[in-house]
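As structure tokens, the structure follows; a few thoughts come after it.
The values are calculated or read from the model by the stated rules, or taken from the named source; none is laboratory data. Everything numeric here is computed off the predicted structure, so don't read it as measured data. With ideal geometry, Cβ positions are generated from the backbone for all residues, glycine too; neighbour counts draw on all protein chains shown.
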Amino acid sequence: MKFTDSPVIELSVHDTRLSFQQDNGSMHVGTSVWPCSLVLVKFAERWSPLTYAAAENPYAALLNFAGRRGIELGAGCGVSAMGLYALGLRDVVVTDIAPVMPALRHNLKRNKPALKKALKTAQLYWGNEEQTNSLKPPFDFVVATDVVYLEETVAPLIGAMERLVADDGVVLLGYQLRSPEAHEMFWEMCRGVFEVEKIPHEHLHPDYAYEEADVYVYAKSCGLISYTLFRAKGNHLSQRARKRHIFVLSFESGLAATLCRARDEHLSQKARNRTISVWSYRLVKKRWSNWYNEDVLVLPTELGFIVRSRLSWLEI
């Protein structure tokens, strides 16, 4: 694995020599180059039609970047975006949060002579729909590497991926397990939103087959995750539900939802509009899983919790 902690990382992609300046002493993880980005780019280079023209190339269609739009989420130093641009991806937007933008812009400027172009940048907080819409989706390729490490960012990340990628587009994800809790939440929440294919490890570039890093390809499922509402009998909740202070899910749009606690027999408009998040993810998941012999998933969002079950209704 050709990855070191040195300040400058050199990366050859097809006939382009890229160079990335790190700041490993920064308070922000985005100012370092992480192995997953190198693994993803070198996988793409290995099987790109530009470098592997054989008829039996299993990834020829997937990695044909010519004339396609792309965006990188949580780009950091911009390794993936610049690497895929060198392989033919066009109209590329490179995004990250405000504190990382100086390092990102520095590296884009550093590599402008090699790429013969300065790629577009944009500040993007994944949960900010106004910023997402300003990027003018959809994109043929959404790229992200080493972005799953905090529970609180999982729901906004998946929401951004879903909003940005075209119905016939793909998400290329370089992945390494960083947090067991974020890992569990991420994969549970992806189920139903994306069809996922893991690239076999032997298909990674042999010089960049970091044993803990994987590459995944995501394509949209037929529809969004199907979330369920607790069934109220008319405008009433059952006595059993009220005694347990059942949460009621009010679906709004996309991954946004509001949870209200039912303290009365009727759900008032005020209650419907109230946003609460009084239990932790693990406590709620454990408690609800005990109530039902069913894999109940409870996901925290900026607005509260989202509840998902395989049942069309949860019987109260």
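Points worth noting:
- Condition met for Val147 (closer than 20 Å to Cys36 by Cβ, assigned to a loop (DSSP other than H, G, I, E, B) and among the β-branched types (Val, Ile, Thr)): yes
- Residues in segment 191-204 that are out of contact with any Ser or Thr (no Cβ under 8 Å at 6 or more places or on another chain) and more than 15 Å from Pro58 (Cβ to Cβ): Arg191, Val196.
- Selected residue (criterion: surrounded by the fewest Cβ atoms within 10 Å (Cβ to Cβ)) from residues of segment 200-225 that are assigned to a helix (DSSP H, G or I) and out of contact with any Leu (no Cβ under 9 Å at 6 or more places or on another chain): Glu202
- Flag if His28 is under 22 Å from the mean Cα position of the chain (by Cα), surrounded by fewer than 16 Cβ atoms within 10 Å (Cβ to Cβ) and not charged (D, E, K, R): yes
- Single residue of segment 189-199 satisfying the filter (more than 9 Å from Ile158 (Cβ to Cβ) and out of contact with any strand residue (DSSP E or B) (no Cβ under 6 Å at 6 or more places or on another chain)) that is surrounded by the fewest Cβ atoms within 10 Å (Cβ to Cβ): Arg191
- Members of segment 130-188 that are surrounded by 16 or more Cβ atoms within 10 Å (Cβ to Cβ) and free of Cβ contacts under 8 Å to residues at least 12 places away in the same chain: Glu184
- When Ser48, Ser32 are checked against the criterion of being farther than 23 Å from Ile199 by Cα, of a type in the set (S, T, N, Q) and either at pLDDT below 95 or out of contact with any Ser or Thr (no Cβ under 6 Å at 6 or more places or on another chain) (or both), Ser32 stands alone in meeting it.
- Of the set (1) over 18 Å from Ile71 (Cα atoms); (2) of a type in the set (Gly, Ala, Ser); (3) assigned to a loop (DSSP other than H, G, I, E, B), all apply to Ala155 but (3).
- The lone exception for His14 - which of (1) in contact with a Ser or Thr (Cβ under 7 Å, 6 or more places away or on another chain); (2) buried (at least 24 other Cβ atoms within 10 Å of the Cβ); (3) not polar (S, T, N, Q) it fails: (2)
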